[in-house]
Amino acid sequence: MGSDATPSKANAAGPVPDPAATPEARPLLGMGLSALEQWAQQQGQAKFRGRQLHDWLYAKGARRLEEVSVLPKAWREGLAATPPAGASDWVGRSRELHRSVARDGTTKLLLGTHDGLSIETVGIPAEGRLTVCVSSQVGCPMACRFCATGKGGLQRSLAVHEIVDQVLSVREVMGERPSHVVFMGMGEPLLNSEAVLDAIDCLCSDLGMAQRQITLSTVGVPRTLPTLAERALERLGRAQFTLAVSLHAPDQRLREELIPTAHAYPIEALLEDCRRYVAITGRRVSFEYILLGGLNDQPRHATALAQLLRGFQSHVNLIPYNPIEEEEFQRPSPAAVESFRRGLQERHVAVSVRASRGLDADAACGQLRRRLTA
Ligand code: SF4
């Protein structure tokens, strides 16, 4: 008799427990080994079933529980009939709705959720590495004026399985193990920080990624950075991921123009919270600065930015603007980008320029989803 037909202990001992009736009935993706072992035991199964599930979810990338052929068939069938809240199957994987591949290999996926929403995720290959740009929310409430996602508002935050699924989906489609993950897709991660920290834990503990290869990017939410630092230490044991703060302007007035929600968070308070984050975690903060042609890319802006960051152990990442359809803003000229970079470097600010990837594949945040769901 194959293992498919082996009756579970619960079957032999009495009725199978209703899986969806367990207090925290939620998809399995995102759970670690001991949680899966516990869950299997709650279902009346042997503890080792949890290890089998772990192997199939993370190493083999199973999409549905029925694929996990090592599990007793009767148990799988019982589970299939009673999916948990928030998913159509216990595994918790999404459906691929659309794929867009750029000439440089950058691959953008539009993934469908159980409740009919769509999530963007991007795989960015580069020599010796594969970076996945993941979303933490469906849409975003921060309304940054240069961002396609911000134009549609927030629909909801993503659960941990929906975040981990994005990394697995890119791995599956690109046939390569992701080396880096950046939370720079749709959404403001600090408005969904518990699920984001759970996802980071899963990526490191269950998919074997290094925490240092993960970047969390935020535009800033008042009074959340010190809490994030403390919660990361509690939840992950250490906070070694990179925090990237989207500054985008060297002063409050210009910043509010670009990020309307910044009116509630003065730039000095944001920097003070960054200092507290550094003090708690011992990690340097990165600052992201999107260069918008003629608007914030002038030499005087570079001087003001260097002044603002004086004495701050940081790194500035310049991002030449990637135009969205409305063309409200301009891409900066290569000369302006170089002059801005030099302006910072000459003032002893560590700086790099992010190379544009996948421009032909709607690669800017939110572009693909807007085009396909508009
Ligand atoms: S740039 Fe980021 S924080 Fe701003 S609206 Fe877009 S997704 Fe949200």
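The values are calculated or read from the model by the stated rules, or taken from the named source; none is laboratory data. Note that the coordinates shown come from a computational prediction; the quantities given were computed from them, not determined experimentally. Reconstructed Cβ throughout: ideal geometry from the backbone, glycine too, with neighbour counts over all protein chains shown. Quick note on the areas: whole protein, heavy atoms, side chains included, nothing else; ligands and nucleic acids left out. Shrake-Rupley method; radii C 1.70, N 1.55, O 1.52, S 1.80 Å.
In angstrom, the C-alpha Rg and Dmax of the stretch 60-121 are 14.8, 47.
Phi-derived couplings, Karplus 6.51 cos²θ - 1.76 cosθ + 1.60 at θ = phi - 60°, listed residue by residue for the stretch 278-292: 4, 5, 6, 9, x, 9, 6, 9, 9, 10, 9, 9, 7, 8, 10 Hz, with x used for Gly and Pro. Calculation over all alpha carbon pairs of the stretch 43-148 in 5 angstrom steps from 0 returns a P(r) of 2, 10, 15, 18, 17, 13, 11, 8, 4, 2, 0 percent. From its DSSP helices (H runs of at least four residues, each -39,500 (n - 2.57)), the chain gives a residue-normalised ellipticity at 222 nm of -9500 deg cm²/dmol. The 3J(HN,Hα) values that the Karplus relation (6.51, -1.76, 1.60; θ = phi - 60°) gives for the stretch 191-200 are, in residue order, 8, 9, 5, 5, 5, 5, 5, 4, 5, 4 Hz. Gly and Pro appear as x.
Mean-square fluctuations from a GNM of the chain, with a 10 angstrom spring cutoff on Cα atoms, peak among A232, A35, A335 at A335. Residues considered: G139, G123, G50. Largest GNM mean-square fluctuation over the chain, using C-alpha springs under 10 Å, is found at G50.
Within the accessible surface of the chain, defined with a 1.4 Å probe on protein heavy atoms only, the carbon and sulfur portion equals 50 percent.
Near the amide H of F287, within less than 5 Å, lie the amide hydrogens of V245, H315, V316, N317, all on another chain or at least 5 residues away, with H placed in the peptide plane. Sorting M186, M174 by solvent-accessible area of protein heavy atoms yields M174, M186, largest first, with a 1.4 Å probe. Close amide H contacts of G139 (hydrogens built in the peptide plane, cut-off under 5 Å, sequence separation of 5 or more or a different chain): Q155.
Specify whether the C-alpha gyration tensor of the stretch 22-86 places it in the rounded, prolate or oblate class, a ≥ b ≥ c being the square roots of the eigenvalues: rounded for a/c under 1.5, otherwise prolate if a/b is larger than b/c and oblate if not. Rounded, since a/c falls under 1.5. Of V181, V349, V138, which is the most mobile in a GNM of the chain whose springs link Cα atoms less than 10 angstrom apart? Its mean-square fluctuation being the largest, the pick is V349. Mean projected area of the Cα convex hull of the chain, taken over all directions, amounts to 19.0 nm². For the chain, the Cβ-based charge dipole about the Cα centre amounts to some 620 debye (Lys, Arg positive; Asp, Glu negative; other atoms uncharged). The stretch 186-255 and the stretch 104-179 have Cα centres separated by 16 Å.
Over the alpha-carbon set of the stretch 103-261, divide Rg by the Kirkwood Rh and report the Rg/Rh ratio to two decimals. Reported Rg/Rh (Cα atoms, Kirkwood Rh): 0.96. Note on T121: accessible area approximately 0 square angstrom, rounded to 10, probe 1.4 Å, nucleic acids and ligands left out. Compactness of the stretch 158-233 was expressed as the Cα radius of gyration divided by 2.2 N^0.38 Å, which yields 1.09.
Note on the chain: lysine pairs with Cα distance below 27 Å, sequence gap of 8 or more or different chains, count 8. Taken over the stretch 277-356, the ratio of Cα radius of gyration to 2.2 N^0.38 Å equals 1.15.
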